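Everything below concerns the one structure shown next.
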Amino acid sequence: MVKLFQIEEPDGTPASAEGPGAAVGIDLAGTGGAVAISVGGNAEILPGSDGERRVAAVCLLDDGKFDAAATVRLLLALRARAERQMARPVTHAVIAVAATDDGARGIIAEAAEAAGLQVMRLIDRDEAALRAGGVAAAEAAALGAAILAEDAAAALDQRQG
Amino acid sequence: MALKQAMSVTDQAAQRIQALLAKRGKPSVGIRIGVRARGCSGLTYTLEYADEKGKFDEVVQDKGVTILIDPKASMFIIGTEMDFVDDKLQSGFTFRNPNEKGRCGCGESFHV
């Protein structure tokens with residue numbers, strides 16, 4: 001994908017995004033995450049302004065549960081990088097997480113709401129990776145989640161259209 | 001006779017820049033373009049709103065837009081055309097630079 005540039009504020013504050021909201025795919029692992037967008041079934045990871053494709057973050061507490069505050073921060077960071085790359089607001093997401101119990105899924109759902117993201121689906125990383133079909137394992141979950149987000153957004157449009 | 005401009009913008013880029021400057025809500029001189037070292041090889045462009053003209057900035061006026069060029073960058077940017085692309089996937093500005101001898105694989109950086 002060709003790199004496109006946005007006009008930045010000289011002091012580095014993010015410029016506001018405009019336009020209709022977009023639906024992205026997010027991969028949430030205990031060590032960080034990635035965000036991707038899909039158009040016509042073609043998904044791309046959205047990198048940060050430094051070119052990094054993953055955001056490193058420690059989201060798990062010692063007991064293996066998701067740290068709510070860290071998860072909110074990570075989701076906000078992923079949403080910000082998606083909005084910056086696409087120059088439009090990101091409002092919906094399909095989130096892929098490693099198979100966990102209901103407690104973790106509840107924490108993630110609340111964190112997403114706090115980060116301003118409507119969760120379209122919360123699915124297992126392996127299931128998301130399958131949807132991406134044969135791509136590099138590290139990125140498959142985010143790419144698959146993005147494809148599912150595009151499908152879900154299209155279904156929403158049809159119902160509302 | 002007008003001097004050859006250091007760089008130019010397309011109509012689409014000029015319109016988009018003017019719209020963004022209007023939306024910015026702060027007094028702006030125009031936009032500032034520069035380069036910095038990064039990426040796997042070479043340079044990448046920097047693109048910012050300009051609150052004021054820097055003392056040694058080169059000034060280009062094209063299609064109603066004021067472009068300030070960072071003096072450190074002018075030798076790399078000369079002859080560049082800035083365009084605005086808007087497709088379903090993403091929208092933003094691109095730079096067509098005749099000086100570029102190559103780009104790295106990810107498209108992040110160029111070298112001259």
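The values are calculated or read from the model by the stated rules, or taken from the named source; none is laboratory data. Note that the structure is predicted; figures quoted are calculated from it, not measured. When we count neighbours, we look across all protein chains shown, and the Cβ atoms used for this are built from the backbone with ideal geometry, even at glycine. In case anyone asks, the SASA skips ligands and DNA or RNA and just uses the protein heavy atoms, side chains included. Shrake-Rupley method; radii C 1.70, N 1.55, O 1.52, S 1.80 Å.
Just to be sure I understand: of the beta bridges DSSP finds with both ends in chain A, what percent are antiparallel, rounded to 5?
For chain A, the DSSP antiparallel bridge percentage is about 50.
In chain A, the portion of solvent-accessible area held by carbon and sulfur atoms comes to 52 percent [1.4 Å probe, whole percent, DNA, RNA and ligands not counted]. Here the spin labels are modelled as points 7 Å beyond Cα on the Cα-Cβ line, and at A:Arg88 and A:Ala152 they lie 1.8 nm apart.
Within segment B:46-88, what whole-number % of the accessible surface is contributed by carbon and sulfur, with the 1.4 Å probe and all protein chains included in the calculation? Carbon and sulfur: 53 percent of the exposed surface of segment B:46-88. A loss of 40 Å² or more of accessible area (1.4 Å probe, protein heavy atoms, ligands and nucleic acids excluded) relative to the isolated chain is seen in these residues of segment B:70-93: B:Lys88, B:Leu89, B:Gln90, B:Ser91, B:Phe93. Around the amide H of A:Leu46, modelled in the peptide plane, lie the amide H atoms of A:Val35, A:Ala36, A:Ile37, all under 5 Å away and 5 or more residues distant in sequence or on another chain. When B and A come together, around 2300 square angstrom of accessible surface is lost from both chains combined, probe 1.4 Å. Annotation: per residue accessible area for segment A:16-128 equals 44 Å², rounded to a whole number [probe 1.4 Å, protein chains only].
Extension gain, B:Asp11 to B:Ala37, is 6.5 nm, computed as 0.36 nm per intervening residue step minus the present C-alpha separation.
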